[in-house]
Amino acid sequence: MDPFERVEIGNTGVHVTRLGMGGVPLSRPPTADALMPGPSYDGALATVKSAYQIGVRYFDTAPVYGSGISEVRVGRGLEGKPRDDFVLSTKVGRVLDLADPHDSAPKGPDGAPAFNVRFDLSREGIMRSLEESLRRLNLDRVDILYLHDPDAEPGLEDQAYATAFPTLLALREQGLVRAIGTGMNQWEMPARFIRRFDIDVVLLAGRYTLLDQSAHGEFLNLCLERGVRIAIGGPYNSGILAAPDLSKRVSFNYAPAPPEWVDKAARLRAVCDRHGVALKAAALQFVLAHPAVATVIPGAASSEEAEENARLIAQDLPVALWAELKREGLLPADAPTP
């Protein structure tokens, strides 16, 4: 499988590489006691540059990732690269307010002051969020704009219908962004949005993976019917499918993994081991086999991780692996496989 094949998002003219890069880890603290430690400032920029150098051309970030830090680092890592040669997505739905209105001084090498984050799905909030993102990214446009986590607080879904999506649709109509969608950790609300609005792409995190196929069937079939493409976020389910040792503390859904998910991950690994396949390779290639899926965007906290993701996608995996995973009940019998 070619990790750098480019796939179009609908008829938008936006072409993403099959392997993209998620910007969450770029803003995490590099402390050893973190569940999922991130890179230093210089390490983050080197990671973005390495991903670009090997052929990644889709980069995703958001204001909430490190309160602006991820956007700053993605932008600086891509500085000087031909703007038409890569696709950049960010998100709206939250705004960053100065923690101290009288103190806008930078707090580190990123040049970002201390912020408080709050939801704002109004037209004004979305326009402000986009404008501030462009400043942090030091770019004149983003290609894909996602409405981020409108399930996080009561009432946000109503605001998505009333103001957020009408604003996104207007931005696309005006040519200020080329593709619009939503980014969430569930599939039910995105399905409602797809039925209501003409959106292009859903960034689905964690709900269609080698471990959790809850979006299989109804949701992915709906995407195929409506011509909506999927960007798979969290293909390792926030760490559990990438953990070298499942007997130690591992993360699932951004929290310590419950025993039942650790057990299923261990069963998946046992099948992969019998076929001489890395669990991470199976995780990346499984999601890309679905015809609704355009790209997978694992995060990378180092240049080595970015390069490893590309190698894993390019590996030839035995057909017998997928057959055994289905026999063991670890994958749906009708799930597309490579």
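The values are calculated or read from the model by the stated rules, or taken from the named source; none is laboratory data. Note that this is a predicted model, so its numbers are computed, not measured. Reconstructed Cβ throughout: ideal geometry from the backbone, glycine too, with neighbour counts over all protein chains shown. Protein only, heavy atoms only, side chains kept; ligands, DNA and RNA dropped before computing areas. Shrake-Rupley method; radii C 1.70, N 1.55, O 1.52, S 1.80 Å.
Just a few scattered comments:
- Within the stretch 312-329, residues that are under 24 Å from Pro298 (Cβ atoms) sit with their Cβ atoms under 8 Å from residues that are surrounded by 15 or more Cβ atoms within 10 Å (Cβ to Cβ) and basic (Lys, Arg), at 6+ positions apart or across chains, in these pairs: Leu312/Lys280; Ile313/Arg18.
- Residue selected from the stretch 200-222 under the condition open to solvent by 10 Å² or more (accessible area, probe 1.4 Å) and part of a loop (DSSP other than H, G, I, E, B), by the criterion nearest to Ile232 (Cα to Cα): Arg207
- Checking each residue of the stretch 228-246 against the condition of being touching a residue at least 12 places away in the same chain (Cβ under 8 Å) and open to solvent by 40 Å² or more (accessible area, probe 1.4 Å) gives at least one match.
Residues are listed down the side, and each one gets a yes or a no for (1) open to solvent by less than 40 Å² (accessible area, probe 1.4 Å); (2) among the hydrophobic types (A, V, I, L, M, F, W, C); (3) closer than 19 Å to Gly38 by Cβ:
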| position | (1), (2), (3) |
| --- | --- |
| Ala62 | yes, yes, yes |
| Pro109 | no, no, yes |
| Asp158 | no, no, no |
| Pro166 | no, no, no |
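- Filtered residue count, the stretch 161-199, keeping only those that are assigned to a helix (DSSP H, G or I) and touching a Gly at 6+ places or on another chain (Cβ under 7 Å): 1
- Cβ-Cβ under 9 Å pairs, at least 6 apart or on other chains, the stretch 17-45 side hydroxyl-bearing (Ser, Thr, Tyr) and part of a helix (DSSP H, G or I), far side modelled with pLDDT under 95 and open to solvent by 50 Å² or more (accessible area, probe 1.4 Å): Tyr41/Pro109
- The set of residues in the stretch 310-338 being open to solvent by less than 10 Å² (accessible area, probe 1.4 Å) and of a type outside the set (A, V, I, L, M) consists of Trp322 alone.
- Of all residues in the stretch 1-53, those that are β-branched (Val, Ile, Thr) and buried (at least 24 other Cβ atoms within 10 Å of the Cβ) total 6.
- Applying a threshold of 8 Å to beta carbon distances and a minimum spacing of six or more residues, or different chains, the list of pairs starting in the stretch 64-85 at a residue that is over 23 Å from Leu147 (Cβ atoms) and open to solvent by 50 Å² or more (accessible area, probe 1.4 Å) and ending at one that is part of a helix (DSSP H, G or I) and of a type outside the set (Lys, Arg) reads Arg76/Leu45; Arg76/Val48; Lys81/Tyr52.
- Extreme residue, farthest from Met189 (Cα to Cα), among residues of the stretch 124-155 that are surrounded by fewer than 20 Cβ atoms within 10 Å (Cβ to Cβ) and of a type in the set (A, V, I, L, M): Leu139
- Residue within the stretch 238-253 that is outside any strand (DSSP E or B), within 26 Å of Pro338 (Cβ to Cβ), among the β-branched types (Val, Ile, Thr) and touching a strand residue (DSSP E or B) at 6+ places or on another chain (Cβ under 8 Å) present: yes
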